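The values are calculated or read from the model by the stated rules, or taken from the named source; none is laboratory data. Computed from a predicted model, the values in this text were never measured in an experiment. Cβ sites come from the backbone with ideal geometry, for glycine too, and all protein chains shown count toward neighbours.
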Amino acid sequence: MKQSFIILIILLLSIQSLYSHHTGSSDSPNATARFVDPFTGKREKPTNYLVMTQDYYQSTRENSHLFTTTAFAEMNFFDGRFALNASVPWNYYQQRGREDAARIGKTYLGFKYQPFFDLDKPYFFVIEGSVGFPSGPDTDRFTGGNYYTGTGFIKLGYLYEKWSFVTKIGGLSPLSRPQPNNLQDNDGVPFYFRKASASPPEPEYEFKKTALVSAYVTYYLMQEISLFTGLLYRNPYNGVDYSKEKDKTNPSYFTEASAGFSWNFSEKYNMSLAYRYPLQRDREYRLYQSAWTFAFSMEWGSD
């Protein structure tokens, strides 16, 4: 998957060198405003940019601290109306009572599209989608699920003087069935080559579609610095891999609040920092105690 990600970026950069495209920068406040999602650190509108996001999750359900580093690249076409993007996460688990571990997460390829509105208007409408590829059976190196996942969102944003309002509605959906594994799921032998006697264990989870709704408000102290706060709702709680156990550790939904700031310290460079707080606080089922998201991004290709 890493090779596929690198090849995609090389192809996108090659295409960019042949054609000149706008990044959306102009005298319009809507075009110069960075709409940064406080839950992911990514831009909402199609943009030419690279971003490195670092998430820190304190005290997860497995009594470990999780560090997730995500590389994300996006390139826009047709004067900022359409964009292609790709992302690869890397997870590091700082665990209690056992050795620390690191895994490569699920790779996603996606797009963004602004279909209707003038890009210089103080509002935007964006359609976004992506496909997550199977992580493979080797759970000692990869995580994220050995199946295809699809995501789809619609995003609405409005800028009024120094305030911006953004809402995002969509979700995740499994695109393939779970592949059975026997007890030796790291030996590299595909399940269809196994002997019939090597029956797989009964899965402890089922695939479910997951709804995601988020909204946040941003206040621009000045053109370079903004503050934001938001809410996120997720249902079901456990996401695509939904546990079959019907008990307190598997509530039906998950909510999270977020607050932070974004700083455009030059025309092309931006950083944001967000503090995220799960609103379900029971120790028996909370996903994590709290989380921080730091994102550093670089734009290119402005006219």
Is there a residue in region 187-206 that is modelled with pLDDT under 80 and part of a strand (DSSP E or B)?
yes
Six or more apart or on different chains, Cβ under 7 Å: which pairs go from a residue in region 149-167 that's within 15 Å of Leu232 (Cα to Cα) to one that's acidic (Asp, Glu) and part of a strand (DSSP E or B)? Could you list them?
Phe153/Glu128; Lys155/Glu128
Only one of Gly132, Gly152, Gly157, Gly171 is modelled with pLDDT of 90 or more, in contact with a helix residue (DSSP H, G or I) (Cβ under 9 Å, 6 or more places away or on another chain) and surrounded by 14 or more Cβ atoms within 10 Å (Cβ to Cβ); which?
Gly157
Name the residues in region 88-104 that are closer than 21 Å to Arg276 by Cα and surrounded by 18 or more Cβ atoms within 10 Å (Cβ to Cβ), would you?
Pro89, Asn91, Tyr93
Here the residues within region 53-78 that are closer than 28 Å to Phe117 by Cβ and part of a strand (DSSP E or B) are Thr53, Phe72, Ala73, Glu74, Met75, Asn76, Phe77
Could you please find all residues in region 105-129 being crowded, with 18+ Cβ neighbours inside 10 Å and assigned to a loop (DSSP other than H, G, I, E, B)?
Gly105, Lys106, Thr107, Gln114
If you scan region 294-303, which residues turn out to be at pLDDT 80 or above and either surrounded by 15 or more Cβ atoms within 10 Å (Cβ to Cβ) or not in a loop (DSSP other than H, G, I, E, B) (or both)?
Phe294, Ala295, Phe296, Ser297, Met298, Glu299
Using beta carbons and a limit of 8 Å, which pairs, at least six apart or on different chains, have the first residue in region 35-52 and in a strand (DSSP E or B) and the second one among the basic types (Lys, Arg) and modelled with pLDDT of 80 or more?
Val36/Lys42; Val36/Arg43; Tyr49/Arg43; Val51/Lys42; Val51/Arg43
Of everything in region 109-141, what is of a type in the set (A, V, I, L, M, F, W, C) and free of Cβ contacts under 8 Å to residues at least 40 places away in the same chain? Give them in sequence order.
Phe111, Phe116, Phe117, Phe125, Ile127
Taking Leu84 as the residue in question, decide whether it is at pLDDT 95 or above, surrounded by 18 or more Cβ atoms within 10 Å (Cβ to Cβ) and not charged (D, E, K, R).
yes
I'd like to know if region 278-293 contains one or more residues that are surrounded by 15 or more Cβ atoms within 10 Å (Cβ to Cβ), at pLDDT 85 or above, within 21 Å of the chain's Cα centre (by Cα) and under 19 Å from Val36 (Cα atoms).
yes
